[in-house]
Amino acid sequence: MVAIQVVICVSLLLVQGALGGGGSEWTYTGQHGPLHWGSMFQSCAGNRQSPINIETLNVKQEYWKPLSLKNYEKAPSRMRVKNNGHSAQVEIDAPVAPRVSGGGLKGEYIFAQFHFHWGADSTLGSEHTIDGVRYPMELHMVHYKGSYGTLGEAVKRRDGLAVLGVMLEVSNSDNPALAPLATALLNVTDAEMYAEISAMYPLKAFLPRNIEKFYRYEGSLTTPTCNEVVTWTVFDEAISISERQLEFFRSLHPSELEEVPILVNNFRPVQPLGPREIRQRNKLVPRTMVACTPF
């Protein structure tokens, strides 16, 4: 079978090509940084923005079926990493496209790419925070709704994208699944560079073992143009990464517009939750009332 390319060769992180927007002027520093995105892009000033702080004591329990991950256990036929000037973005080719459904999602979503956000040191880096705790890195697996046909059409719809958010925490040992990617980053130090990843792990290797506990809310892209079209799934359990591996990410160079020499702190500050609800999957089946017959 000829491999199906499951990425669209534009920066899906930015979604600029799909939107037809100019949007490359934004940065994480200076006058085009996150504090100014709202005045530069109307959507970035919306009331359903991401990321947010997840307060675990203020979540609504839902009794959804488990997430269904199709083809996540199959290694891709090709894997590439790109330094797009804002992040390290990984794209794959696969005979059958990975898909996610269930878990309260309304429909099936097709995998597009995954990318990372990280800090200058391990005290910060993630975009979402959980009870105010910021992790050193966050991985985003981006999917678009299959019924809309294309990414370009999906980003026009309120439920067009589904993103799986995975926190990374520091471990004393390297994460084997991240090792080939970390090595490939040596070949993409400058913005707009691509490199092949030599050993290809299935997408499942980049998810936590426990995917049953997660948080769900309606939000946006965390980069301009901040379209409010994302159903977020943020896992409670983190995966590991070593300090040595983090340094490979911290060695990348950003776009020329950034006012710093290295690509770090590429995360948006948390946004107001407002009237939105954060939901959490509870795998326990709610008890039903049982009628007792008196003796």
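Bear in mind that the values in this text are calculations on the coordinates, not laboratory data. Just so you know, these numbers come straight off a predicted model, no measurement behind them. Backbone-built Cβ (ideal geometry, glycine too); neighbour counts: all protein chains shown.
Data overview
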read-out	value
Of all DSSP beta bridges in the chain, antiparallel share, percent nearest 5	75 percent
Computed [θ] at 222 nm, helices only, for the chain once each DSSP H run of length n ≥ 4 contributes -39500 (n - 2.57)	-2000 deg cm²/dmol
Estimated inter-spin distance, ALA75 and GLU153, nm [label 7 Å along Cα→Cβ]	3.5 nm
Full-stretch length increase - ALA120, ARG209 - with 0.36 nm per residue and alpha-carbon distance subtracted	29.3 nm
Local net charge near GLU91, Cβ-Cβ under 12 Å (Lys/Arg +1, Asp/Glu -1)	+1
Summed side-chain charge close to ASP236 - residues other than ASP236 whose Cβ falls under 10 Å, Lys, Arg +1, Asp, Glu -1	0
Local electrostatic count at THR222 - Lys and Arg +1, Asp and Glu -1, tallied over other residues with Cβ under 13 Å	-1
Taking segment 44-150 and dividing mean pair separation by its residue count, relative contact order in percent (alpha carbons under 8 Å, at least six apart)	25 percent
Rel. contact order, % - alpha carbon contacts under 8 angstrom, at least six apart, the chain	26 percent
Other-chain or far-sequence residues with amide H under 5 Å of MET137's (modelled H)	SER126, LEU168
Kirkwood-Stokes translational diffusion coefficient of segment 96-152, alpha-carbon pairs, 25 °C, 0.890 mPa s, µm²/s	187 µm²/s
Candidates SER39, SER77, SER242, ranked by Gaussian network fluctuation over the chain, Cα under 10 Å, top entry	SER39
GNM top mover of PRO76, PRO176, PRO208 - the chain, alpha-carbon springs below 10 Å	PRO176
Positive-end extreme of charge dipole, the chain - chosen from SER50, GLY160, ILE262 (charges on Cβ)	GLY160
Hz values of 3J(HN,Hα) by residue in segment 150-166 - Karplus curve (6.51, -1.76, 1.60), Gly and Pro given as x	9, 4, x, 6, 5, 6, 8, 10, 4, 10, x, 10, 10, 10, 9, x, 10
Cα extents of segment 87-128 along the three principal axes, largest first (Å)	37, 27, 11
Cβ-placed point charges (K, R +1; D, E -1), dipole of the chain about Cα centre in debye, nearest 20	1280 debye
Mean Cα-pair separation over length for segment 100-165, i.e. relative contact order, pairs under 8 Å, 6 or more apart, %	29 percent
